[in-house]
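A.B. asks: Please read through the structure below; I'll follow up with questions.
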Amino acid sequence: QISLLIGFISVNSSPWTDYSAYSFFQIVTMCDLVMILFFYIMHIFRVYRKLTCVSWPLAEFLHYLIGTILLLIGSIVAAAKSYNITGLVAGATFGFLATILCVISMWSSYKVSCITQSTSK
């Protein structure tokens, strides 16, 4: 979350040269931040125990998968259109870092929820 937030702030505080590329990057980072916060709140208040009709491991996995793909696309576009402006390069770099961290989080979420449940039966 911190790398997404730093990437968003870096891009937001820099002068833009291509509005479509950076507005897409900002939208993707904000959506990822909101969804990550949503899943944290779900876990903190244990709402997933009351809403049993939703497969929460699958929902979390799909969130990370879609968010990671969109974040990777946004980071590539932001890096290609940065024109060596330091804030935009920093935003794209933190976007790539957040992409790697989302892949690690996606793998650990899959490993804990799916592999552990299949071996415990």
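The values are calculated or read from the model by the stated rules, or taken from the named source; none is laboratory data. Given the structure is predicted, the values throughout are model-derived calculations rather than measurements. We place every Cβ from the backbone using ideal geometry, glycine too, and count neighbours over all the protein chains shown.
A.B. asks: Can you pull out the residues in the stretch 12-30 that are under 12 Å from the mean Cα position of the chain (by Cα) and either buried (at least 16 other Cβ atoms within 10 Å of the Cβ) or basic (Lys, Arg) (or both)?
C.D. replies: Phe25, Gln26, Val28, Thr29
A.B. asks: Within the stretch 19-40, identify whether any single residue is in the same structural domain as Val103 (by the TED database), over 16 Å from Ile100 (Cα atoms) and of a type in the set (Gly, Ala, Ser), and answer yes or no.
C.D. replies: No, the stretch 19-40 contains no residue that is in the same structural domain as Val103 (by the TED database), over 16 Å from Ile100 (Cα atoms) and of a type in the set (Gly, Ala, Ser).
A.B. asks: So which residues in the stretch 37-59 are surrounded by 12 or more Cβ atoms within 10 Å (Cβ to Cβ) and either charged (D, E, K, R) or not in a helix (DSSP H, G or I) (or both)?
C.D. replies: Ser55
A.B. asks: Still on this structure: Quick check on my filter: what residues within the stretch 73-95 are at pLDDT 85 or above and not hydrophobic (A, V, I, L, M, F, W, C)?
C.D. replies: Gly74, Ser75, Gly91, Thr93, Gly95
A.B. asks: Give me the pairs: first residue in the stretch 96-121 and modelled with pLDDT of 65 or more, second residue among the charged types (D, E, K, R) and assigned to a helix (DSSP H, G or I), beta-carbon distance under 8 Å, and six or more apart or on different chains, which are they?
C.D. replies: Ala98/Asp32; Cys102/Asp32; Ser109/Glu60
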